[in-house]
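In what follows, a structure is listed as structure tokens, so that the remarks can point back to it.
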Amino acid sequence: MTPDADLLVIGGGPIGLAAAIEGRLAGLSVIVVEPRATPVDKACGEGLMPGAVEALARLGVDPEGHTLTGIRYVRGARTADHLFTVAPGRGVRRTVLHAALAARARELGAVVVPGRAHAVEQDASSVWCAGIRGRWLLACDGLHSTVRRQVDLATHHRLRARRFGVRRHFRVAPWTDLVEVHWGRSVEAYVTPVADDVVGVALLGPAHHDYDRTLDSFAALRHHLAGAERLGPARGAGPLFQQSEHRTAGRVRLVGDASGYVDALTGEGVRVGLAQAHAAVATLDEDVRRSNAAYEKAWTAATRDYRVLTSGLLAAAASPLRRGIVPLAVTAPGLYGAVVERLAR
């Protein structure tokens with residue numbers, strides 16, 4: 001049976017749209033399946049690292065936002081700052097990022113249709129899902145990927161701690177051009193300027209904590225946000241940790257959060273997802289086994305720093321070492337800066 005498109009992308013979030021753009025730039029026909037209308041909002045820190053800004057520019061996407069000059073760690077009165085050395089990052093509201101990617105995908109001729117993934121079937125030359133047949137399927141359907149389960153790439157694991165993220169926007173002028181990470185007893189508060197009069201605050205920690213009460217426990221944020229208008233509802237996501245032993249199954253590839261996610265502690269999820277989208281398209285070849293081996297290798301290379309450094313920081317954050325993370329960043333600025341730069345590339 002003749003495929004409807006070269007590339008079938010399940011999930012039209014930022015990484016799914018980036019994969020669609022990559023496909024069109026490579027000369028492939030692309031259909032994206034997404035049940036939600038554009039723009040799609042999502043709980044996230046909304047800080048694009050310099051590497052993510054560069055990757056988006058390569059795709060022809062330049063979303064409006066607030067310039068980010070670096071990262072600041074805060075615990076009580078102690079702070080550690082690192083300024084990006086090569087280029088700035090950018091704080092961008094998720095809806096703005098999604099709209100910019102959707103516009104670019106449409107401009108290039110990618111087709112977006114409403115629908116949801118259910119069963120996945122494939123043969124030697126094509127793969128079928130959501131009533132559409134493609135030569136290849138890229139699963140970009142997020143943390144709780146339906147496609148990942150359908151093709152038996154989900155890894156079942158037991159976690160000591162399940163971490164979640166909740167984000168809200170506030171109408172207030174940013175007091176800094178840095179992304180601030182405020183470290184509490186068990187929760188981190190990510191503060192990201194996303195416009196000249198808006199900041200986003202994402203709380204990462206265990207389930208069932210009260211957002212307002214937890215936010216109020218950070219004295220500095222209580223001061224900065226006093227009287228600020230709340231914009232829209234709080235949005236949540238999680239559990240954040242997801243695993244997959246492999247990213248390929250025949251003509252199906254997992255991309256972005258669907259392929260695995262460690263935690264949002266280091267804030268470079270979009271950059272890593274964009275790198276995966278590029279690798280997923282760049283390694284396509286009609287020799288399926290060779291092509292999949294190439295993607296697995298490229299995926300490992302693109303995510304290695306993120307997985308190793310974030311896993312290490314997460315382990316420290318869940319241990320008695322947690323209280324020493326900010327003091328170490330203060331007393332060892334070279335080490336702190338090297339980690340930030342490694343993740344910001």
If you average the alpha carbon positions of the range 58-134 and of the range 266-345, how far apart do those two centres end up, in angstrom?
16 Å
What is the percent carbon and sulfur in the accessible area of the chain, measuring with a 1.4 Å probe over the protein chains and ignoring ligands?
53 percent
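Report relative contact order for the chain in percent, whole number only (criteria: Cα-Cα under 8 Å, sequence separation at least 6).
23 percent
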Log10 I(q)/I(0) at q = 0.06 Å⁻¹ for the chain, from Debye over equal alpha-carbon scatterers, is -0.21
Dipole magnitude of the range 10-92, debye to nearest 20 (Cβ charges: Lys/Arg +1, Asp/Glu -1, about Cα centre):
260 debye
Give the residue from T95, H144, V112 lying farthest towards the positive end of the charge dipole for the range 61-156; charges sit on Cβ (+1 for Lys and Arg, -1 for Asp and Glu) and the dipole is referred to the Cα centre.
T95
With a 1.4 Å probe and all protein chains left in place, how much accessible area per residue does the chain have, in Å²?
45 Å²
Nothing charged except the Cβ atoms of Lys and Arg (+1) and of Asp and Glu (-1): what's the magnitude of the dipole of the chain about its Cα centre? Round to the nearest 20 debye.
880 debye
Span per principal axis, largest first, for the Cα atoms of the range 287-345 (Å):
52, 23, 10
Charges at C-beta only: +1 for Lys and Arg, -1 for Asp and Glu. How large is the resulting dipole of the range 40-83 about its Cα centre, in Debye rounded to 20?
320 debye
Tilt relative to the chain, helix 94-108 - C-alpha long axis, 0 to 90 degrees, to 10
30 degrees
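The values are calculated or read from the model by the stated rules, or taken from the named source; none is laboratory data. Keep in mind that this is a model prediction, so the values were computed, not measured. So basically every Cβ, Gly included, is an ideal-geometry build from the backbone, and we count neighbours across all protein chains shown. Remember, those area values only see protein heavy atoms, side chains included, never the ligands or the DNA or RNA. Shrake-Rupley method; radii C 1.70, N 1.55, O 1.52, S 1.80 Å.
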